[in-house]
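In what follows, a structure is listed as structure tokens, so that the remarks can point back to it.
The values are calculated or read from the model by the stated rules, or taken from the named source; none is laboratory data. Remember, it's a predicted structure, so these values are computed and weren't measured experimentally. Note that we place each Cβ from the backbone using ideal geometry, even for glycine, and neighbour counts take in every protein chain shown.
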2 protein chains.
Amino acid sequence: MELAPFMAPEHVKQFKQLVDEGFYDGLDFYRVIEGFVAQGGDMAGNKASEFKAPLKAEFTRSASADSGFQLLQEPDFFAPQTGYINGFAAGRDPKTSQQWLIHCPGTVAMARSIEADSATTDFYIVIGQAPRHLDRNMSVFGRVLYGMEYIQALPRGDAMVNSGVIENPEQRGKILTAQLASQLPETERLKLQVQHTDSEAMQTRLDQGRSMDNPFFKYKGNGKLDICYYPARVRLARH
Amino acid sequence: MELAPFMAPEHVKQFKQLVDEGFYDGLDFYRVIEGFVAQGGDMAGNKASEFKAPLKAEFTRSASADSGFQLLQEPDFFAPQTGYINGFAAGRDPKTSQQWLIHCPGTVAMARSIEADSATTDFYIVIGQAPRHLDRNMSVFGRVLYGMEYIQALPRGDAMVNSGVIENPEQRGKILTAQLASQLPETERLKLQVQHTDSEAMQTRLDQGRSMDNPFFKYKGNGKLDICYYPARVRLARH
């Protein structure tokens, strides 16, 4: 996962502290709903930690001139504008000068109760069609860069029973350990190459998506792009 | 899978013939791309069959007055209208009187080469964010009703190498057998309950999606709905 301190600094800080103290080690993905999210953490809420104080919501941020927002689509179906900030899918509203991270497959956000400022430790990863109604309602603080296929292979709950919670802990996927790459020796870190959203290759991909100028396509679309269909590509580095 | 003879009768006919003769038994999901599709069939193209003649494209159909199109959203981001036909996500263009099935997670369509009328046996299942640029470009003929989590657990190829084909057949997910429910004894059929899209429960769900009238949501959205986020719900029948 890559974290997004530029958007949700307090969530990132707490998540890193929790990872660092081993809070998530041995916990479960206890609520996994096909086509929606895989939620992990301390379902019972019993695990002690110094770092589980409720967090102030970080749903949106003021868009500063230097945020580096790279416009993709205006208007989007759900937002006045979509684009990329530091490689993350983002929305922006020029009228309110607010920007936010978008719920796409692989997006990581903190779960919460009905109160905005109630997130503590449990997080979810989007595994289905983008749940865009959660945009501006949840604190998105990261995205999965690599390994979504392992998240997709997690055992599911029944969405129509107990909100998708898997009753039997034995049947849940486990978090064996969570580690900060920055705390690992360099040789043990996963080396990834992440496409720059402002690269020529990405621009070509987006241009082709807009024009559909390819004989394979008989219907050429309307030129609009869904930001969640165009994540920056990631691969294992060759060396 | 549920098939869609009302939209792609020739594709459904050929697929059923292929299933019935055991064509798919023992073949692989040879091209599986995280966030995109799982494609299965006879990659080598060597397997003999009476039923592998190239099919005429069934990308769209004329919208007849009695098609039972249940409007969801007008306009959609990619289509003039979206809605449901027989429980399937569909698009419609009142200007051209054409309708078509939409690529959502779980959508099943026949693969083809660059020519429109070239599909024969190989099919794909959407496993990621809706690839809506394929709408009106591919013959959608079915949808997965149950078991998407097993499709999601299939081994992946590398999208950036050989179009995501898994080179080593040993590493591919297998189609052990494909069977028509209609050919099975009633006691061996999977009993499913599929939500009617015109039911009160579905209507309530869509109304809630539009209004977001729930104290959990601090931002109430713009009232628009993504058809791919609102599939008809399916569950195992209790008896």
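One table, with the values for the structure above:
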read-out: Complete set of residues in segment B:167-194 that are within 14 Å of another protein chain (Cβ to nearest Cβ) and either surrounded by fewer than 13 Cβ atoms within 10 Å (Cβ to Cβ) or free of Cβ contacts under 8 Å to residues at least 60 places away in the same chain (or both); value: B:GLN171, B:LEU192, B:GLN193
read-out: Scope segment A:113-130; condition farther than 16 Å from A:GLU10 by Cβ, of a type outside the set (Gly, Ala, Ser) and within 11 Å of the chain's Cα centre (by Cα); matching residues; value: A:TYR124, A:ILE125, A:VAL126, A:ILE127
read-out: Some residue of segment B:190-212 being among the aliphatic types (A, V, I, L, M), outside any helix (DSSP H, G or I) and at positive phi; value: yes
read-out: Condition met for B:ALA89 (modelled with pLDDT of 95 or more, more than 26 Å from B:ALA48 (Cα to Cα), more than 10 Å from chain A (Cβ to nearest Cβ) and in contact with a Cys (Cβ under 7 Å, 6 or more places away or on another chain)); value: yes
read-out: Number of positions in segment B:6-37 that are in a helix (DSSP H, G or I) and not basic (Lys, Arg); value: 10
read-out: A:MET148 being facing chain B (nearest Cβ under 10 Å), closer than 21 Å to A:MET7 by Cβ and touching a residue at least 24 places away in the same chain (Cβ under 8 Å); value: yes
read-out: Selection from segment A:177-189 of residues that are in a loop (DSSP other than H, G, I, E, B) and hydrophobic (A, V, I, L, M, F, W, C); value: A:ALA178, A:LEU180, A:LEU184
read-out: Which numbered condition A:LEU225 fails, given (1) surrounded by 15 or more Cβ atoms within 10 Å (Cβ to Cβ); (2) more than 10 Å from every other protein chain (Cβ to nearest Cβ); value: (2)
read-out: Given (1) in contact (Cβ under 8 Å) with a residue 40 or more places away in the chain; (2) more than 27 Å from B:GLU34 (Cβ to Cβ); (3) of a type in the set (D, E, K, R), index of the condition A:GLU50 fails; value: (1)
read-out: Segment A:194-238 - residue that is of a type in the set (S, T, N, Q) and under 16 Å from A:PHE88 (Cβ atoms) and, of those, farthest from the chain's Cα centre (by Cα); value: A:SER199
read-out: Any chance B:MET138 is at the interface with chain A (Cβ under 8 Å from one of its Cβ atoms) and either in contact (Cβ under 8 Å) with a residue 60 or more places away in the chain or not hydroxyl-bearing (Ser, Thr, Tyr) (or both); value: no
read-out: Lone unmet requirement of (1) surrounded by fewer than 19 Cβ atoms within 10 Å (Cβ to Cβ); (2) outside any loop (DSSP other than H, G, I, E, B); (3) among the hydrophobic types (A, V, I, L, M, F, W, C) for B:ALA48; value: (2)
read-out: Wholly within segment B:60-155, strands (runs of 3 or more DSSP E) carrying at least 3 residues that are in contact with a helix residue (DSSP H, G or I) (Cβ under 9 Å, 6 or more places away or on another chain); value: B:81-85, B:88-93, B:107-110, B:123-126, B:139-143
read-out: Within segment B:156-166, considering residues that are part of a helix (DSSP H, G or I) and touching a strand residue (DSSP E or B) at 6+ places or on another chain (Cβ under 8 Å), the one surrounded by the fewest Cβ atoms within 10 Å (Cβ to Cβ); value: B:SER163
read-out: Qualifying residue in segment B:44-66 (condition: within 14 Å of chain A (Cβ to nearest Cβ), over 25 Å from B:PHE15 (Cβ atoms) and of a type in the set (A, V, I, L, M, F, W, C)); value: no
read-out: Residues of segment B:31-57 that turn out to be within 26 Å of A:LEU145 (Cβ to Cβ) and out of contact with any Pro (no Cβ under 7 Å at 6 or more places or on another chain), as a count; value: 6
read-out: Conditions (1) closer than 27 Å to A:ASP76 by Cα; (2) touching a residue at least 12 places away in the same chain (Cβ under 8 Å); (3) within 13 Å of chain A (Cβ to nearest Cβ): number failed by B:ALA111; value: (1)
